[in-house]
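Enquirer: Okay, here's the structure, questions in a sec.
The values are calculated or read from the model by the stated rules, or taken from the named source; none is laboratory data. This one's a predicted model, so the numbers in the text were calculated from it and none came from an experiment. Cβ placement follows ideal geometry from the backbone for every residue including glycine, while neighbour counts extend to all protein chains displayed. In case anyone asks, the SASA skips ligands and DNA or RNA and just uses the protein heavy atoms, side chains included. Shrake-Rupley method; radii C 1.70, N 1.55, O 1.52, S 1.80 Å.
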Amino acid sequence: MSTSPLSALIEADRKHLIHPVINYRAHEARGVTVLESGHGAYLRDSDGNELLDAFSGLWCVNVGYGQQSIVEAATRQMSRLPYATTYFHFSSEPAIELAQKLVELTPASLEHVYFTLGGSDAVDAAIRFITHYFNATGRPMKKQMIALERGYHGSSSVGAGLTALPAFHRHFDLPLPNQHHLPSPYAYRREDGANDAALIAASVAALEAKVAQLGAENVAAFFCEPIQGSGGVIVPPRGWLKAMREACRRLDILFVADEVITGFGRTGPLFACEAEAVEPDLMTVAKGLTSGYAPMGAVLMSDAVYQGIAGDSNDTAIVGHGQTYSAHPVSAAIGLEVLRLYQEGGLLANGQAQAPRFAAGLDALLDHPLVGDARHRGLLGALELVASKSTRARFDASLKLSERIAAAAYRNRLVFRAFGDNILGFAPALCYCETEFEQLFARLKRTLDEVLEEREVRAALA
Ligand SMILES: Cc1ncc(COP(=O)(O)O)c(C=O)c1O
């Protein structure tokens, strides 16, 4: 019996392709879903199903699929110069222009850009630059780094220790002894029902206490996402980011904003830091920088950090940090066109205009028997499903609710992120229009209703 090309592909995937962040045995048993094409907010799989993507790929395709002007910009750059190293004092026009543009668009404190291939290596570069900076400026004791519980800072060898999700530590010998975590500003899960001001004060106090415990002379930096993404879209109160930034200044530690998800219009403004006039010492970006059309990330740094690393004019030593594909010209050309689409192309403005519709759709689902919490900022949002609305009790893991939800959503031709702890994450593209939001919430409601009909799920409701 001959096998179809698709089943051969699925078999080859099962045998050879290692997928990120997955149970390998579960994947072997389930098999892969092959995606074939995309247009606007929609994806098409290899069975011909058209799916509404409510997650922008992996919170990255902010401009939507099939933007021809990006394809053209990439093609032009590929024919002209497909590769240019930034080693040996070389560079290329799009790389330089993109660096300049990013410095113009990001908070004023950030003046220098190092390009990476994605978010994990942007965080890794930030850690290396910070270490170098304190050693080079005569403060070698400053090595302790602090981040948040439920934080995600990628999966590099060291960055995954700042990440505070158990799967990234288990069997990886992380976190390292110099990596510490503070409670995240998770209003829904606070026992004391603290108001916004109390929540902010608690985070600041926790940071101060941790720095006091470690000794400020030993602490290098505090890393945070302005809104925690992979940890379940934890939206802190407005003013939280600013308060944490100011606390870092008082404590004489560097403040690193990880805007890999929140950057490029995801939360409303171009960067989440902008909403609170926050000026970080370093900032990491990726995802929306190229909208996923090619790999690229970046770490931006203040002039003070840059000057510390550069040393004085007698310093002839090389700074040994680099990658073959840093500032890749095709990715940079794509980044420039993506930025044009956000700004002159009107996508940033559309995302801002659509945000209330997105918020209203999520909030309306608070009436659903499965939904305990709805949270959102800009076009980043989540629903948290609970077994009891009054006690906020979680569903037992044995129910595998997130798998049930993901399967039902797929049947309804809707893609979003169903996290293991029954938080559903949403990140629609900035090109979504009214009809697509209507479709998103109709399909989501149907999905929740269908899962609620499942006997075991009903029985698990308190
Ligand atoms: C806040 C944050 N930092 C870093 C990363 C890692 O980025 P990448 O997956 O491009 O390596 C991610 C990815 O989701 C992220 O959300």
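Enquirer: At 0.36 nm per residue, minus the direct Cα-Cα distance, what do ASN135 and ARG190 gain on full extension? Give it in nm, one decimal, please.
Expert: The ASN135-ARG190 span can extend by a further 15.9 nm.
Enquirer: Taking 7 Å along the Cα-to-C-beta vector as the label spot, tell me the ARG413-THR85 distance in nanometres, rounded to one decimal.
Expert: 5.0
Enquirer: Any lysines with Cα under 25 Å of the LYS389 Cα? List them, leaving off those in the same chain fewer than 8 positions away.
Expert: LYS400, LYS445
Enquirer: A follow-up question, please. Could you check the spin-label model distance between ARG170 and LEU35? Points 7 Å from the Cα along Cα→Cβ, value in nm.
Expert: Between ARG170 and LEU35, the label points sit 2.6 nm apart.
Enquirer: Quick one: what are the phi-derived ³J(HN,Hα) couplings along the stretch 300-315, Karplus 6.51/-1.76/1.60 with θ = phi - 60°, whole Hz, x for glycine and proline?
Expert: Each residue of the stretch 300-315 in turn: 9, 9, 6, 5, 4, 5, 4, 5, x, 6, 5, x, 7, 5, 8, 7 Hz.
Enquirer: With a 1.4 Å probe and all protein chains left in place, how much accessible area per residue does the stretch 69-343 have, in Å²?
Expert: 41
Enquirer: Give me a comma-separated list of calculated 3J(HN,Hα) values for the stretch 404-411, in order, Karplus coefficients 6.51, -1.76, 1.60 applied at θ = phi - 60°, integers in Hz, x for any Gly or Pro.
Expert: Running phi through 6.51 cos²θ - 1.76 cosθ + 1.60 with θ = phi - 60° gives 4, 5, 4, 5, 5, 4, 4, 4 Hz.
Enquirer: Students often forget the sequence filter, so: which aspartates and glutamates lie under 12 Å Cα-Cα from LYS242 once same-chain residues fewer than 8 apart are removed?
Expert: Within the straight-line cut-off, LYS242 pairs with GLU274, GLU276, GLU279.
Enquirer: So between LEU452 and ARG44, what do we pick up on full extension, going 0.36 nm a residue minus the alpha carbon distance?
Expert: 144.2 nm
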